[in-house]
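See below for the structure under consideration.
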Amino acid sequence: MTSGDRKGSGSLNASWRTRRRTVGVVLIVALVIALLVILVFARLRAASAPKVELEDLRLLTPHAVQNVESAAEAGDIKAQGTLGVAYLRGSEHVPRNVTKAVYWFHRIADRDRAEYDHIVHQIRSLVEERSYALDPREQRQLDLEYFDLIQKKLAFEIAFVGLIEVYSGGQGSSYTSPALARKYLRQGAAYGFASAQRMLGMAYLFGLLGVPKNASQGLRLLHAAAAQGDHLAEYVLRDWYESRAAVRANADAARYWFDRAVS
């Protein structure tokens, strides 16, 4: 073998070693991203179910459930939300019943959007009115009205998040429906619910539930959720930017969302 042949062979070997190292790095990065996705969705699944203080559910004795159901049938949105959560989670006196939970969540989520917008408008008006109220009795009355409206607003978000949880497979395959999950994800995000914005953003980011991958759309939704204080959205953004830290262009963004996530 001539010296030229040896040099050529050495160059080929060096090139091959470089390619192997590159492939190895790519595989490691891909594995890290996959693990991040799994961890994020484990957090998402654990946090996506609507949460109510356990003390509230303990108050739902069989007799109390009858009273709440009567109010719910009459159209009381707070009662409908309470029953939806109670049946989804189950408690000592309320056996878990996903079918009933879905029924009550639909009674809320399928209402006209104008009803929700009116509630939001009333909340804003009360906040402004409260700032000018001087009489303590008037302030207390306004506080009670405000709390009542906040509960109604929360009932809407609980219903959407509950339906998303059920239809995305969180309650078993018999209830899974990606099409319905997408429907309520999009509607919930349009309502401005941070949890729905975060979950739809992740669906766009990773191509989940039949949603086509669209990183810019996903990041836009995640930023909207994070701006409302959604910590899971902050963690997703941190992981997303950190996984691209090698480019360094997003290092500042990764540092910012890391500080937000741990603060």
**Report entry** Filtered residues of the stretch 181-202 (kept if closer than 14 Å to VAL161 by Cβ, among the small types (Gly, Ala, Ser) and buried (at least 19 other Cβ atoms within 10 Å of the Cβ))
**Finding:** ALA181, GLY188, ALA189, ALA194, SER195, ALA196
Report task. Scan the stretch 199-235 for residues that are in a loop (DSSP other than H, G, I, E, B) and among the polar types (S, T, N, Q) and report the count. Result -> 2
Report task. Kindly indicate the residue of the stretch 183-206 that is out of contact with any Asp or Glu (no Cβ under 7 Å at 6 or more places or on another chain) and of a type in the set (D, E, K, R) and also nearest to GLY229 (Cα to Cα) among those meeting that condition. Result -> ARG186
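Taking the stretch 59-77 as the search range and keeping residues that are assigned to a helix (DSSP H, G or I) and more than 23 Å from ILE119 (Cα to Cα), which one is modelled with the highest pLDDT?
Of the residues in the stretch 59-77, the ones assigned to a helix (DSSP H, G or I) are 62-73, 77.
Keeping just the survivors that are more than 23 Å from ILE119 (Cα to Cα) gives 62-67.
Working: PRO62: 73, HIS63: 75, ALA64: 77, VAL65: 79, GLN66: 82, ASN67: 86.
Per the stated criteria, the residue is ASN67.
Any chance you could count how many residues in the stretch 144-183 are closer than 24 Å to ILE123 by Cα and either hydrophobic (A, V, I, L, M, F, W, C) or under 16 Å from the mean Cα position of the chain (by Cα) (or both)?
From the stretch 144-183, those closer than 24 Å to ILE123 by Cα are 144-162; that's our starting set.
Of the ones still in play, those that are also either hydrophobic (A, V, I, L, M, F, W, C) or under 16 Å from the mean Cα position of the chain (by Cα) (or both) are 144, 147, 149-150, 154-162.
Residues meeting the conditions: 13.
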Query raised in the report: Cβ-Cβ below 8 Å, separation at least six or inter-chain, first residue in the stretch 163-186 and farther than 26 Å from ASP112 by Cβ, second surrounded by fewer than 19 Cβ atoms within 10 Å (Cβ to Cβ) and among the basic types (Lys, Arg): which pairs?
Result: GLY170/ARG45
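The values are calculated or read from the model by the stated rules, or taken from the named source; none is laboratory data. The model shown is predicted, which means the values in this text are computed figures rather than measured ones. Every residue, glycine among them, receives a Cβ derived from its backbone with ideal geometry; neighbour counts consider all protein chains shown.
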